[in-house]
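Following: one structure in structure tokens, then a few remarks.
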């Protein structure tokens, strides 16, 4: 590929983990930042360009298959072949399962699962003829550990985790690697919205027997950069022999399960 920077498509890039992934990858790749939050995307792109890095904003909902196909085609024409895809876009609708609305369930799967499928399919179709590329899906440690009030979220993340592994199995013959990063509690807006008061972080770290959470053995909430660095490793050549892997980054909160 010579001196031409690789193109990295990052979904959910307007804030939180997605924005941090874009920041970490920007020194070594041209960033195509996707999100429904156009204002957040423009702020991120302005930040990266101010550092002399290449980035562009692509406002789109990953739940819209036709829109995804269109934007991926445009990115490839305007920026070049997509070498890296990082699926980060996600939503959380807290509710007990018996009280959950159809809309909350559908929206959660529309972004967290269908979105991963739509973007991965569109990008993989273009990677296969080139026989190169790497895909990372940011899922959750909730995909392997039941959580109260998070039935839709946990189920959607479990589905996207297994989908990514199956995709990796299919694409391995083309030299394309597909892996998962599963964060635990991370200091993002999504996490803070679940806190009841200013002591929310400590409550998460301590755990709760009432909610069947063991807490975080490392005694800290993850920073988005902790997750971004895991992604950075998996998309790099240092991980060239790693595929179909789920890398849990949760400070031990799920006890290695």
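Using alpha-carbon positions, what is the distance between the centroids of the range 211-249 and the range 42-94, in Å?
After rounding, the separation between the Cα centres reads 22 Å.
Which FRET efficiency value, to the nearest 0.05, do you get for residue 78 and residue 209 by plugging their Cβ-Cβ distance into 1/(1 + (r/R0)^6) with R0 = 51 Å?
Values: r = 53 Å, r/R0 = 1.04.
FRET efficiency, residue 78 to residue 209: 0.45.
In nm, what is the difference between 0.36 nm times the number of residues separating residue 169 and residue 98 and their Cα-Cα distance?
Working: separation 71, 0.36 × 71 = 25.56 nm, distance 3.57 nm.
Value of the extension gain: 22.0 nm.
DSSP beta bridges in the chain, what fraction antiparallel, as a percent rounded to 5? Numbers along the way, then the final one.
Values: 1 of 31 bridges.
About 5 percent, rounded to the nearest 5.
Give me the extension gain from residue 46 to residue 144: residue separation times 0.36 nm, minus the current Cα-Cα distance, reported in nm with one decimal.
Numbers: separation 98, 0.36 × 98 = 35.28 nm, distance 3.72 nm.
Length difference between fully extended and current span is 31.6 nm.
Quick one: length gained pulling residue 218 to residue 236 fully straight, 0.36 nm per residue minus the C-alpha distance?
Numbers: separation 18, 0.36 × 18 = 6.48 nm, distance 2.64 nm.
Gain in length upon complete extension: 3.8 nm.
For the chain, what is the per residue volume of the convex hull drawn over the alpha-carbon atoms, in cubic angstrom? Could the numbers behind the result be given before it?
Details: hull volume 33.0 nm³, N = 257.
Per-residue hull volume (Cα only) is 128 Å³.
Values in this text are rule-based calculations from the coordinates and carry no lab data. Keep in mind it's a predicted model, so treat the numbers as computed, not measured. Cβ atoms come from the backbone with ideal geometry, glycine included; neighbour counts cover every protein chain shown.
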